[in-house]
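*Asks:* Take a look at the following structure, please.
Readers should treat all values here as calculations from the given coordinates under stated rules, not as data from a laboratory. All of these numbers come straight from a predicted model, not from anything done at the bench. Here the Cβ positions follow ideal geometry from the backbone for every residue, glycine too, while neighbour counts run over all protein chains shown.
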Amino acid sequence: MVKSLINGKPSEQVSVHDRGFLYGDGVFETMPAFLGKVMWFDKHYDRLKLGCNALKIAVPKKEVLIADIEQLLGKQQRATIKIIITRGTSARGYKVDPDASPTRVVLCSEWNDSLRMKAETGIRLKLCKTPIGRHPILGSLKHLNRLENVLARQEWQGDEYDEGLMCDEFGNIVDGIMSNIFICKDKKIKTPRIQLSGINGIMRNWVLGLDKSWNIEEINGMTIDDVVEADEVFMSNSLIGLWPVKHFNDKHFEIGPIYKKLYKKLEIEYPVLHV
C-alpha cells in the first residue's frame, strides 16, 4: 500500500497542467526510513537541493519535508520514502512562469524485504544495449526524465537478471539502471567517475568517503573488460545498500572478502539493512 501527500495534503492526484507530468520538469529522491526517520536524510536533502537549484526550482524547506514524512510514516518500522518536486502548474508551452509554485509530492510505500536476501546471495547483472546520454548540466542529476532507464529495464521481463549495467555512447560503463557499480582488482576498489551522465549516488559517496586504507578511487573510462576481469563486483544504492554481483557476461564471481568487510561496516552505520 502506498500513501501519499501532495503539498502536505493526502491525495493521489496531480494536475494535468503540472510541468512534472507534462515535461518531466522536476527532481526526485528515494530513500529508506527506519524507526520513524529517513536514513541519511541530510545527504538526500542536499542532493534534492542541488537538483532544484540546477533546474531553478524553489527548494522546499527541510522542516516541511520532514513533517510530511513523519505524517506518512506513523509507527512503521521500515518503509520507502520518495520525494518528488516539480516546477508546478503553468500555461501551455516550454516557457517558465517565474511565479509558479512548486508541487511537493511525498510517497510512503512498504519496505521490500527481498533486498536483504540479494545482499547475501548475490545478483545476476545484465549488460544493457540502451546507452546513457551525456549532458553538461543534467548529467548526474536525479531529474524526472528517466526514459533511458525505463528502456534499459525493458530489455528483460523475467527474473533471469536483477539489475542492468549501462554504458555511454562510447562504450564506457557509467552505472546500473538503479545503482552504481564498483569493481575490486588486486585489493583496489574502483568506480566510474560520474560527470556528464549517470547518478551520483548517496551510497556511492559513502563508499568513496571511507578512509584511505580501503584504497578506493574514481576512474575515467571503465570498460566491460575491466568488469569481467575484476576479482569482485558490487552495486550500490540507498535502498539496496550493497549487492554483490555473482554473474555477468558469462563470468561467475565469488562474494569476496572486500565486499563482506564493507557490508559488515555498512550494517553498523545503516541499521535499516538489519533483519
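*Asks:* If the convex hull of the alpha-carbon atoms of region 116-273 is projected onto planes in all directions, what is the mean projected area in square nanometres?
*Replies:* Result: 9.0 nm².
*Asks:* Only Cα pairs within less than 10 Å get springs; with that Gaussian network setup on the chain, which residue of Ile240, Ile224, Ile183 has the largest fluctuation?
*Replies:* Maximum among the listed residues: Ile224.
*Asks:* I would also like to ask the following. Extending each Cα 7 Å along its Cβ direction at Gln195 and Leu50, get the distance between those two points in nm, one decimal.
*Replies:* 1.6
*Asks:* Antiparallel DSSP bridges in the chain: what percent, to the nearest 5?
*Replies:* 80
*Asks:* Further question: Counting pairs of alpha carbon atoms under 8 Å apart in space and at least six apart in sequence, what relative contact order in percent does the chain give?
*Replies:* 19
*Asks:* Relative contact order for region 3-111 using alpha-carbon pairs under 8 Å, separation at least 6, rounded to a whole percent?
*Replies:* 39
*Asks:* With only alpha-carbon atoms in the gyration tensor, what are the semi-axes of the equivalent ellipsoid for region 96-195, in Å, largest first?
*Replies:* Equivalent-ellipsoid dimensions as semi-axes: 27, 21, 15 Å.
*Asks:* For the chain, report the % of Cα-Cα distances exceeding 27 Å.
*Replies:* That fraction is 41 percent.
*Asks:* Stretch Glu110-Met1 to full length: gain in nm at 0.36 nm per residue minus the Cα-Cα span?
*Replies:* Using 0.36 nm per residue and subtracting the Cα-Cα distance, I get 38.6 nm.
*Asks:* Mind checking which aspartates and glutamates have their Cα closer than 12 Å to the Cα of Lys43? Skip sequence neighbours fewer than 8 apart in that chain.
*Replies:* Straight-line reach from Lys43, under 12 Å: Glu29.
*Asks:* Rank the residues Glu120, Glu267, Glu163 as a footprinting-exposure proxy: fewest other Cβ atoms within 10 Å of their Cβ go first.
*Replies:* Arranged by neighbour count, lowest to highest, Glu120, Glu267, Glu163 become Glu120, Glu267, Glu163.
*Asks:* Rg (Å, one decimal) plus Dmax (Å, integer) for the alpha carbons of region 3-111?
*Replies:* So, for region 3-111, Rg and Dmax equal 13.9, 44 Å respectively.
*Asks:* Per residue, how big is the convex hull of region 40-85 when only Cα atoms are used? Give it in Å³.
*Replies:* Spelled out: Cα convex hull of region 40-85, divided by residues, is 71 Å³.
*Asks:* Run lengths n ≥ 4 of DSSP H only: what is the helix-derived mean residue ellipticity at 222 nm for the chain, with -39500 (n - 2.57) per run over all residues, to the nearest 500?
*Replies:* -7500 deg cm²/dmol
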